[in-house]
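S.K.: Got a structure for you, questions after.
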């Protein structure tokens, strides 16, 4: 299979090659967290809500979807139930209340009665000079008549400080690049909806932005290939290490990574991954 890269994995490598190694080469799972599970649940509600007729897309009906969708998620991942039960000061009622609060905030930011998404949870994939770029878009809106595209991504965490905003915009520009290559048109608007604090970040991409992003992604991939060939996955310690799931294994913090698997080089290109991995603060 051809080499492939998602925005999540590209961001991992840009942040820290050792993080990329832990996730892609060693294939270490991130421990489940209430924040990540809540993000998955809220995303599911905001996707399923648009199955309802426009007039029925109300906060009450959206919140009413929570128990059924949570049951579906826990059936697929039974460990989620134990995670909530083990969380301090959190029971099922409190769990649904937290998710419901985020959903209610979304209704203050967008009006689903006036929205008819062209796509939800859209898988996109394209080839750029032999490298497959792919990922999942939360929502794609297409304007009637003009065909103008708006790419929307929900974040259930708080909006980041300006110095950390680039990572989220990298993801959105990545999607814009893939859509441009697939459809021959640059999306008009990239929109990040932060439900944690009710902020909406909008960005209007230009061709030069996406050409620069394409060059950046190709450079990231070349660096991944070099690391795979040499086995040199050196860590990049920084403030984000405080939230890393694998800090105890990282040599930058006195840890010992697991031995590299025999097929480490082939694993590094990650041809089987879909790239749809929600960050813990989503």
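Read-outs: derived from the displayed coordinates by stated rules, not from any lab. This one's a predicted model, so the numbers in the text were calculated from it and none came from an experiment. Note that we place each Cβ from the backbone using ideal geometry, even for glycine, and neighbour counts take in every protein chain shown.
S.K.: As a footprinting exposure proxy, order 241, 16 by other Cβ within 10 Å, with the fewest listed first. Please list the in-between numbers first.
M.R.: Working: 241 17, 16 23.
In order of increasing Cβ crowding within 10 Å: 241, 16.
S.K.: Here's something else I'd like to know. Arrange the following residues from fewest to most other Cβ atoms within 10 Å of their Cβ: 21, 105, 208. Kindly include the intermediate steps, with their values, before the conclusion.
M.R.: Numbers: 21 30, 105 17, 208 8.
If I rank by nearby Cβ atoms, fewest first, I get 208, 105, 21.
S.K.: I've got another one for you. Give me Rg over Rh for region 137-282, both radii from the alpha carbons and Rh done the Kirkwood way, two decimal places.
M.R.: Ratio of gyration radius to Kirkwood radius: 1.01.
S.K.: Mind jotting down the distance between the C-alpha centroids of region 116-151 and region 13-54, whole Å?
M.R.: Taking the Cα centre of region 116-151 as reference, the centre of region 13-54 is 19 Å away.
S.K.: From zero up to wherever the largest Cα-Cα distance of region 96-209 sits, split into 10 Å bins and tell me the percent of pairs in each.
M.R.: P(r) over region 96-209, rounded to whole percents: 13, 44, 33, 10, 1.
S.K.: While we're on this one: Under the 0.36 nm per residue contour assumption, what length would be gained going from the current alpha-carbon distance of residue 91 and residue 48 to full extension? Each step should come with its number before you reach the end.
M.R.: Numbers: separation 43, 0.36 × 43 = 15.48 nm, distance 2.44 nm.
Once the chain is fully extended between residue 91 and residue 48, it gains 13.0 nm.
S.K.: Please say if region 34-114 is rounded, prolate or oblate, where rounded means a/c under 1.5 for a ≥ b ≥ c the square roots of the C-alpha gyration tensor eigenvalues, and otherwise the choice is prolate for a/b larger than b/c and oblate otherwise? Working shown, then result.
M.R.: Values: a/c = 2.60, a/b = 1.82, b/c = 1.43.
Prolate shape, in that a/c is at least 1.5 and a/b is the bigger ratio.
S.K.: Return the single residue from 89, 209, 127 with maximal mean-square fluctuation; model: Gaussian network over the chain, springs between Cα atoms under 10 Å.
M.R.: 89
S.K.: Would you look at the GNM of the chain, springs on alpha carbons closer than 10 Å, and say which of 255, 135, 101 moves the most?
M.R.: 255
S.K.: How large is the Kirkwood hydrodynamic radius of region 78-151, in angstrom, based on all distinct alpha carbon pairs?
M.R.: It works out to 16.1 Å.
S.K.: Under a 10 Å cutoff between Cα atoms, tell me which one of 108, 40, 156 has the largest fluctuation in the Gaussian network model of the chain.
M.R.: The residue with the greatest mean-square fluctuation here is 108.
S.K.: What Kirkwood hydrodynamic radius do you get for region 122-163 when you take the inverse of the mean 1/r over all pairs of distinct Cα atoms, in Å? Walk me through the numbers before you get to the answer.
M.R.: Working: mean 1/r = 0.0768 Å⁻¹.
Evaluated over region 122-163, this radius sits at 13.0 Å.
S.K.: Continuing with this model, one more query. Quick check on region 1-78: take the gyration tensor over C-alpha atoms, sort the square-rooted eigenvalues as a ≥ b ≥ c, and tell me if it's rounded (a/c under 1.5), prolate or oblate.
M.R.: Values: a/c = 2.96, a/b = 2.13, b/c = 1.39.
Prolate, because a/c is 1.5 or more and a/b exceeds b/c.
S.K.: May I pose another question? Between residue 218 and residue 143, take the C-beta separation as r, use R0 = 25 Å, and let me know the FRET efficiency to the nearest 0.05. It would help to have the intermediate numbers written out before the result.
M.R.: Values: r = 31 Å, r/R0 = 1.25.
Result of the calculation: an efficiency of 0.20.
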